[in-house]
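Okay, so here's the structure we're looking at.
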Amino acid sequence: MRNRLRIAKRILGPELIARAGARCVRVGRRRLFWFIGVAVLAGNAGAAVNVEGLSDAQRDNVLAYLGLNELACDTPQWQVRRRFRRIEAPVRRALEALGYYRPDIQSSLAFDDTCWQIALVVDSGEPARYDSVRVRVAGDGAQDAQIQSVFQAQPRSGDVVHHGRYTAYKNKLLQALAARGFLDYDVKTSQVIV
């Protein structure tokens, strides 16, 4: 039962458990939960992926890249083990998207009588930063005030390489060009070298 409560806490979070009628008391560094009327919640907790050592944004991105939420407790162990053997690649891709290219990843897989749990302890390391950034708009669009305002929001040297922000900036610049009537624009090169 303790294992199921721990899994429920990881999956649902203390806020949802508290709203469901649980009581939480902090004892040292641990939380003890007394459940009132949420036995069904704890009984259905099941499979869990616990990620430690990352910020909330990093953890959310890792969980999204892993795609393990479709594996239920009754998934055959061989299938869970196969996915677990390949777990580092999506963790690395998830962190690279946020600019972290050298993570240290420790992982473990455990099965109990009812389900499986994966634990990841990740040190993301230092983020990659832009050394130099070159964006150039040539032609008539270079003189347009609205395009210039978008152009000025480009990544700067020293900023963390965040691929989502890079793509958003590039798309915003291209949309500004199209919106201002510069439909014959040509992107010569678009790359991030790490």
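The values are calculated or read from the model by the stated rules, or taken from the named source; none is laboratory data. All values reported here derive from a predicted model rather than from experimental measurement. Here the Cβ is made from the backbone with ideal geometry for all residues, glycine too, and neighbour counts use every protein chain on show. Heavy atoms of the whole protein, side chains included, go into the accessibility calculation; ligands, DNA and RNA do not. Shrake-Rupley method; radii C 1.70, N 1.55, O 1.52, S 1.80 Å.
Among the trypsin sites (Lys or Arg not before Pro) found in segment 106-157, those both in a DSSP coil and sparsely packed, with 10 or fewer other Cβ atoms within 10 Å of their Cβ, are ARG134, ARG136, ARG156. Averaging over all projection directions, the Cα-based convex hull of segment 66-189 occupies 10.6 nm² in the image plane.
Roughly how many percent of the accessible protein surface of segment 40-134 is carbon and sulfur, given a 1.4 Å probe and a whole-percent answer? That fraction is 44 percent.
The separation of segment 116-194 from segment 89-115, counted between C-alpha centres, amounts to 27 Å.
Overall, segment 58-103 carries a charge dipole of about 260 debye about its Cα centre when +1 sits on the Cβ of Lys and Arg and -1 on the Cβ of Asp and Glu, all other atoms neutral.
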